[in-house]
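In what follows, a single structure is set out as structure tokens and then discussed.
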Amino acid sequence: MEKQLIIAVSREYGTGGHRVAKALAEKFGINFYDRRMLEEIADQKNMSVDTLHKYDELPRNVFISRTVRGMSNSPEEAVANFQFDYIREKADSGESFVILGRCAEHVLKDHPALITVFILGDKEDKLKYVEERRRVNAQQAAAMMYRHDKKRKAYHNYYCPNKWGDARGYDVTLNISKLGVEKAADFLESYVRMRIELNK
Amino acid sequence: MIAQIAAITIFVVMFILIITEKIEKHYVTLGSGLLTLIVVFGICLKDFGAMWDIVNLKSIVTAEFWRTTGAESESGGVDWATVLFLGGMMVMVEGMARVGFFRWLCMRIAKLVKYKTIPIFLAFMTMSFILAMFIDSITVILFLASVTIELARLLKFNPVPMILAEVFCANLGGSATMCGDPPNIIIGSNLHYSFMDFVTNTGVIALISFVFIVAYFYFVMRKQLSTSTGGEATDFSKLPSPESAITDKVGFFVNLAIFLIAIVLLITHANTGLTVAFIGVAVALLTIITSGKHVLTVLKKVDYKTLLFFIGLFVVVGGLEHTGVLEVIADFISKICGTNYALMVVIIIWLSAIASAFIDNIPFSATMVPVIKSLAETTGISLDTLAWSLAMGTDVGGSATPIGASANVVGTAAAAKAGHPIGWGEYCKKMVPATVIVLVIATVYICAVYL
């Protein structure tokens, strides 16, 4: 890959967005970063990965944390900032990668190599996907979807000025129900290639 | 009645907005203060004289404001003495920080104890306690925590227990003097107590408590501290020398001299008659004059937002006081206690402590000062007893949770930034027992000595 390429993928729970993001990384032969970046951060900071997981992708709780002279004592905010710094460092090093979640579309918003994607889906399809993948019944799948999406939305909307899933905050918003995971990855690949062509 | 409802509503909304941090807190209190002036005094009470009294600018031009003659001066509203004193001390502290004084002091002490973890732990607790008596606990913890983290990295120990102990001792040290913690400045300047009044009352309680607290933290944390995360021996030559912290040698001695002058002026202010407002302005002017070309650097670092926060807050509390809301609270406490003064002391200490553990102790103490004044007038209990109870409760109670006091926030934020996020569970497990120990000591001492 000649020019740097960064693809930030955000997604609703149950859309298979993780698989799409991974497929995109494979198609372009670039690194893929998701929750596992916490292991590397834990190594760098000499801290327990469990601590990082505990506070991962959570918004700051305003009732149990405070800010004094610009310093926040929220562990959630500290862990979020570790990840934002990690993403920025990767981007600044010139590396090409696909990043899943972590507000990357906002953290790297001024980066010229950035392409941002939000993947959504129809409720019935997402339910079916969660039931099959997680081997749970419809009620449990609905509860999981509600919980995860609520958490992702709260996390995103706390750290980013644009709203989670609002089309105005992304280059592409794609309803995966109409294409499925593989076709969606193909579609996004062609979109990214078009962008690369235009930027040449 | 409408004025009371308006004053309470503004106060409650202000508190909620401070907690949510959606808007910077100085804008919140200034906006609330302006609303209090317009709605409570202007529209509801139609009392424009009281409006002017609450702003209280006229107090600054009186001779009594700068040098007390012992005459009784009653003034509510904005406590300009507190604002000027805090502002002046901030300028002085920034002057000291610029020349590297705090970092030098931390590194010097670490070197003195030969970079041994447990002696550093004990020395830093003591330093935190003593420094916080004279300068704000935020600055004390900013420097102590950053040096602790640096030493922890080099000497391979866990910095969290040490930072927590430093935070607690800073809050405890702050309770010992009039200028140690903002609630004490508010209590002292409103109720006309001197620096030595605090030292001989809350200072004694703080010192007794400090002995117990050092022992408590030592036994609770020694295991965590002695467990080194690395096996190899530390190369002490890699450690920065204390002298490398000093950025301006002449400035270092000049600012140290100003600090010593401030301490002398504070200790003797009951004899000299110089007020805290005078002392604040004097040390600020001395720092400005001697800072030369660095004056703008120093002034830019002053936390003017906190000063604006205080001004707005005093107006809102003035609204509550003027409309009689605080008397209702005082009446309620006196009804519960009757003439049982011990119960009153217990309520003031523990209520203040519990409230300060969760909400900012500055608005709380500003609100409670008129309440204890009213209690003393109506029940006959000595105002001194209630003042020391309020000071100990608000100063120490704030240590119990990560959000209770500014020093806790700064300490835990510095730890989090360095890769050691501290959750409520971990924090409270160590700090709540320590807080309870001091509160029990304070309750027993005040009941035994003053009642």
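Of the DSSP H helices in chain A, those that are both long (alpha-carbon extent of 24 Å or more along the helix axis) and hydrophobic (Kyte-Doolittle mean at least -0.5) are A:180-199. Calculated mean residue ellipticity, 222 nm, the protein assembly as shown: -22000 deg cm²/dmol, from DSSP H runs (n ≥ 4) at -39500 (n - 2.57) each, averaged per residue and rounded to 500. Any idea what angle helix B:182-191 forms with the longest principal axis of chain B, computed on alpha-carbon atoms, 0 to 90 degrees, nearest 10? Between the helix axis and the principal axis of chain B, the angle is about 40 degrees.
Annotation for residue B:328 and residue A:183: the two label points, set 7 Å from Cα along the Cα-Cβ direction, are 6.6 nm apart. Straight-line cross-link reach from residue A:163 at under 20 Å between alpha-carbon atoms covers these aspartates and glutamates, not counting any fewer than eight positions away in the same chain: A:12, A:56, A:57, A:76, A:77, A:105, A:110, A:122, A:149, A:171, B:21. With no solvent and one point on each alpha carbon, what is the Debye value of log10 I(q)/I(0) for the stretch B:355-429 at q = 0.16, 0.18 Å⁻¹? Relative scattering, expressed as log10 I(q)/I(0), comes to -0.63, -0.72. The mean number of Cβ atoms from other chains found within 10 Å of a Cβ in peptide A:74-87 is 3, as a whole number. Taking label positions 7 Å along the Cα-Cβ direction at both residue A:168 and residue B:236, the computed distance is 6.3 nm, reported to one decimal.
For the peptide A:56-66, the mean number of other protein chain Cβ atoms found within 10 angstrom of a residue's Cβ is 4.
Calculated accessible area for the protein assembly as shown comes out at 43 Å² per residue, all protein chains present (probe 1.4 Å; ligands, DNA, RNA ignored). Given a 1.4 Å probe and the protein chains as shown, residue B:248 ends up with an accessible area of around 40 Å².
Put B:430, A:200, B:25, A:123 in order of accessible area, highest first, and with a 1.4 Å probe you get A:200, A:123, B:25, B:430. Taking Cα atoms, how many degrees apart are the long axis of helix B:361-379 and the longest axis of chain B, rounded to 10 and kept between 0 and 90? Taking Cα atoms only, the helix is inclined about 50 degrees.
Amide hydrogen proximity for residue A:175: with H placed 1.01 Å from N in the peptide plane, the residues at 5 or more positions away or on another chain lying under 5 Å are A:120.
Sequentially through the stretch B:151-165, phi angles give Karplus couplings (6.51, -1.76, 1.60; θ = phi - 60°) of 5, 4, 5, 6, 8, 6, 10, 7, x, 4, x, 5, 5, 4, 5 Hz, Gly and Pro residues having no value and appearing as x.
Within a straight-line Cα-Cα reach of under 23 Å, residue A:200 can be paired with the following lysines, leaving aside sequence neighbours fewer than 8 residues apart in one chain: A:3, A:27, A:90, A:109. For the pair residue B:444 and residue B:343 in one chain, pulling the backbone fully straight at 0.36 nm per residue adds 35.2 nm over the alpha carbon distance. For the chain pair B and A, buried accessible area totals roughly 2000 Å², probe 1.4 Å, rounded to the nearest 100. Three semi-axes describe the equivalent ellipsoid of chain B; taken as square roots of 5 times the Cα gyration tensor eigenvalues and ordered largest first, they are 37, 26, 20 Å.
If you sort the three axes of the alpha carbon gyration tensor as a ≥ b ≥ c, you get a/c of 1.5 or more for chain A and a/b no higher than b/c, which makes it oblate.
For the stretch B:115-167, relative contact order (Cα pairs under 8 Å, six or more residues apart, normalised by length) works out to 45 percent.
With respect to chain B, whose longest principal axis is taken over its alpha-carbon atoms, helix B:101-112 is tilted by about 40°. To the nearest 10, the accessible area of residue B:130 is 90 Å² with a 1.4 Å probe. With all protein chains in place and ligands, DNA and RNA left out, the 1.4 Å accessible area ranks A:171, A:92 as A:92, A:171, largest first.
Note on the protein assembly as shown: Cα Rg divided by 2.2 N^0.38 Å, N the number of residues, gives 1.10.
For the stretch B:104-152, the ratio of Cα radius of gyration to the globular rule of thumb 2.2 N^0.38 Å stands at 1.04. Ligands, DNA and RNA excluded, the heavy atoms of residue B:192 present near 100 Å² of accessible surface to a 1.4 Å solvent probe. Here chain B has 70 percent of its accessible surface on carbon and sulfur atoms, given a 1.4 Å probe and all protein chains in place.
Per residue of peptide B:198-211, the mean number of Cβ atoms on other chains within 10 Å of the residue Cβ is 0. Annotation: the antiparallel percentage among DSSP beta bridges lying fully within the protein assembly as shown is about 15.
When B:311, B:349 are compared by accessible area of protein heavy atoms, the largest-first order is B:311, B:349, using a 1.4 Å probe.
The values are calculated or read from the model by the stated rules, or taken from the named source; none is laboratory data. The shown structure was predicted, so the numbers you read here are calculated from the model rather than taken from an experiment. Cβ sites come from the backbone with ideal geometry, for glycine too, and all protein chains shown count toward neighbours. The area values use the complete protein model at the heavy-atom level, side chains included, leaving out ligands, DNA and RNA. Shrake-Rupley method; radii C 1.70, N 1.55, O 1.52, S 1.80 Å.
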